[in-house]
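Report on the following structure.
The values are calculated or read from the model by the stated rules, or taken from the named source; none is laboratory data. The structure displayed is predicted, hence computed values, not measured ones. Glycine gets a Cβ as well: all are built from the backbone with ideal geometry, and neighbour counts include every protein chain shown.
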């Protein structure tokens, strides 16, 4: 079996063109930026015959060139990707083969975008996202990794090899190296992005790493938001002693450098004492409290409706809560195995708890600030005059009106949580060392970085694109939510 | 103003006390102490031997008492083993006379930080050496990051929505989305790998501890600076765009003041108030970056010491490192509060 090159047969025609257009694009961007300081501004001139004429000069020329070259570059990248899907395996090189492996993700992305853009006027803020280019790019990047995580985690689709199995002879091999051992052949006969220092497939580890990250980061951020909202609303609304106390506590946590906090919370000795389990007990009660108070405030005046709803919600959430905090092998373990819904594998609960713990004070501060601002509004005064109770006002009057900044911050915070998870992995804290998550993989690869650069670069790129996507998404959402 | 300062400082001291108590509690949990005893005496000792060693070395007292001793507000423990005295403030074993003449208090307040069990040296010495090295790194980072970020932010913010603004804003989003461990790895791969790439710079900063050269110090500095730069630049841009739409800027423009003069003389000073606070509040984050970068580039400064202390269960050293980093954070918050008052004439403290 031949080793794969990066672009295969497509590359022989397209590579020279692509390098020319890429260099030209770079030059045009530089020229445009430099010209924007000196050249006169682009003006529109109305002609006598009713037409408009654009007078761009050198700057306008550069602007036009940038636009055209950008389109050319994107088209050429599409040639690589689509060529990889259409040509038989191996002809389109590594990029083509990877593009083919991601085919289910491409289909899912195209479907999502097609449906969303068709119905974007009926979809509220989510639909408006498709009016902003930045937002769409961010959304595409995020959904790319979400689909990858789901398809790889649940259906074993994208990855080519097992993330943990080693194949002898492939240690630190370059991308596109063929697998010689016939018995261990995976979905494709090559290590698409090379092998790491334990002869595992870098590409598959990157793909499975997305599953770890996508399953922890959004959920941890959500729990942190529940904690922050449940504490921040009363702190901002009632002020006084409660506010002083909670603000002091949150400042206390915020004054810790994050890494120090991780080193104090995520060591085997601390886990032995059970502090993370107790913290989980406290932190995970907040979502339960949040939903119960939310529904109670809404249906308080209709007991016939409220009681069944509350009982149902309490039963489901309470059961989830108990199954989450009761883990065999820790100090908090009271549910028998047949009652325990799920067990979170070793280390993940600790990581989850510490990430929630680090994030919630910031969310608390944001919610508190927003509440302080919103409680002086007329609709709050109106609700108070109507005789609504405080929790109804907080959860059904103030919270919906604070949703814009909170949604934007939620996106940013998922990105921040992803970075924190990577930091934990980078220092080898919490998650098991063979875990394919991106931080641990970067940590494993950096030791041999001076000789073998490919093992840490794939997860680094993956983490970068996901966080970038979340940032762009937040930017797009902010822009669109400010418009109305 | 003095009252404001006093209240802030008092609040800071209370916070610091609480934080050190938490750190002390978390680092002195019984599994940590057991591990310490085992690392001193060997891993195969029995539980009784662990208990007696802890008792002999003063670890068996209640945590709060030991916190007081560590802080230097409670007298250090002493022990009489048939005329041989040991104690917190006594080096090794001593006779009754020396023990009586030894100082009663020896804690942080007296400047006694204990001894590091990893480096076998005085904690104060280890930390001050590490801080000196990190100080150099931070100075270089600040010299690169602050002017760079301010220039990028002002350029992007002076004409909102222009192509320059868009490219610079995208660039700063990109750098904020790149944590240090990603940008460090990418930069090393590009500039320092011996296999492929440009091979211009060093992938390790160990030699920079003695003499700093461009080759061994560029990458660590750049790695930390890039991550912080994007955030500061975005804040500067936001504040600059806000100032540029203000009435007095329009008046100045209508009076015929040139764009350059409007930016330099009228807008800039007001636009730089907000970034100042952001830069000061960026310190806790820089501390994170320092830990990551010093580990990545093997530069034996403060962050590296933190990792060594934490992963080797070096209790005294970890306590000292935590105290220093907590104080850095708190003092930078204090400076940011005070500086904000000084810079912004609209705020007056009475």
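The table that follows gives values for the structure above.
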quantity	calculated
Options A:267, A:211, A:244; residue that is closer than 30 Å to residue B:328 by Cα and either modelled with pLDDT of 90 or more or more than 14 Å from chain B (Cβ to nearest Cβ) (or both)	A:244
Test: residue in the stretch B:300-316 that is more than 24 Å from residue B:32 (Cβ to Cβ), free of Cβ contacts under 8 Å to residues at least 12 places away in the same chain and over 12 Å from the mean Cα position of the chain (by Cα)	no
Residue A:474 vs. criteria within 15 Å of the chain's Cα centre (by Cα) and free of Cβ contacts under 8 Å to residues at least 60 places away in the same chain	no
Restricting the stretch B:157-176 to residues that are at the interface with chain A (Cβ under 7 Å from one of its Cβ atoms) and in contact (Cβ under 8 Å) with a residue 40 or more places away in the chain, the residue that is farthest from residue B:294 (Cα to Cα)	B:173
Number of positions in the stretch B:23-49 that are touching a helix residue (DSSP H, G or I) at 6+ places or on another chain (Cβ under 9 Å) and away from chain A (no Cβ under 14 Å)	6
Qualifying positions in the stretch A:293-312 - in contact (Cβ under 8 Å) with a residue 60 or more places away in the chain and in a loop (DSSP other than H, G, I, E, B)	A:300
Boolean, residue B:336 is within 23 Å of residue B:145 (Cβ to Cβ) and within 11 Å of chain A (Cβ to nearest Cβ)	no
The listed residue being touching a helix residue (DSSP H, G or I) at 6+ places or on another chain (Cβ under 9 Å), facing chain A (nearest Cβ under 10 Å) and crowded, with 24+ Cβ neighbours inside 10 Å, out of B:311, B:325	B:325
Filter pass, residue A:408 being touching a residue at least 12 places away in the same chain (Cβ under 8 Å), within 7 Å of chain B (Cβ to nearest Cβ), over 17 Å from residue B:188 (Cβ atoms) and in contact with a helix residue (DSSP H, G or I) (Cβ under 7 Å, 6 or more places away or on another chain)	no
Any hit, the stretch B:182-193, residues being modelled with pLDDT under 85 and surrounded by fewer than 23 Cβ atoms within 10 Å (Cβ to Cβ)	yes
Count of residues meeting criterion [within 11 Å of residue B:163 (Cβ to Cβ) and at pLDDT 80 or above] in the stretch A:36-63	2
Sole residue being within 14 Å of another protein chain (Cβ to nearest Cβ) and either assigned to a helix (DSSP H, G or I) or surrounded by fewer than 22 Cβ atoms within 10 Å (Cβ to Cβ) (or both), chosen from B:146, B:154, B:126	B:154
Lone unmet requirement of (1) surrounded by 18 or more Cβ atoms within 10 Å (Cβ to Cβ); (2) away from every other protein chain (no Cβ under 12 Å) for residue B:253	(1)
Residue among A:242, A:249, A:233 that is crowded, with 23+ Cβ neighbours inside 10 Å, assigned to a helix (DSSP H, G or I) and more than 23 Å from the chain's Cα centre (by Cα)	A:233
Tally, over the stretch A:252-271, of residues that are in contact (Cβ under 8 Å) with a residue 60 or more places away in the chain and part of a helix (DSSP H, G or I)	9
Only listed residue being touching a helix residue (DSSP H, G or I) at 6+ places or on another chain (Cβ under 7 Å), surrounded by fewer than 17 Cβ atoms within 10 Å (Cβ to Cβ) and closer than 22 Å to residue A:293 by Cβ, chosen from A:372, A:341	A:372
Single condition residue A:424 does not satisfy, out of (1) facing chain B (nearest Cβ under 9 Å); (2) at pLDDT 90 or above	(1)
Filter pass, residue A:320 being at pLDDT 90 or above and in a helix (DSSP H, G or I)	no
Filtered residues of the stretch A:445-457 (kept if buried (at least 24 other Cβ atoms within 10 Å of the Cβ) and either in contact with a strand residue (DSSP E or B) (Cβ under 7 Å, 6 or more places away or on another chain) or more than 8 Å from chain B (Cβ to nearest Cβ) (or both))	A:455
Among (1) more than 8 Å from chain A (Cβ to nearest Cβ); (2) free of Cβ contacts under 8 Å to residues at least 40 places away in the same chain; (3) assigned to a loop (DSSP other than H, G, I, E, B); (4) touching a helix residue (DSSP H, G or I) at 6+ places or on another chain (Cβ under 8 Å) - the single one residue B:187 does not satisfy	(3)
Matching helices (runs of 4 or more DSSP H) fully within the stretch A:361-461 where at least 1 residues are closer than 30 Å to residue A:6 by Cα and more than 20 Å from the chain's Cα centre (by Cα)	A:438-446
Within the stretch A:104-127, tally of residues that are over 21 Å from the mean Cα position of the chain (by Cα) and either at pLDDT 90 or above or within 24 Å of residue A:454 (Cβ to Cβ) (or both)	5
Members of the stretch B:46-90 found to be crowded, with 16+ Cβ neighbours inside 10 Å and assigned to a loop (DSSP other than H, G, I, E, B), listed by number	B:57, B:58, B:59, B:72, B:74, B:75, B:76, B:77, B:88, B:89
Residues being more than 25 Å from the chain's Cα centre (by Cα) and assigned to a helix (DSSP H, G or I) - total across the stretch A:272-290	8
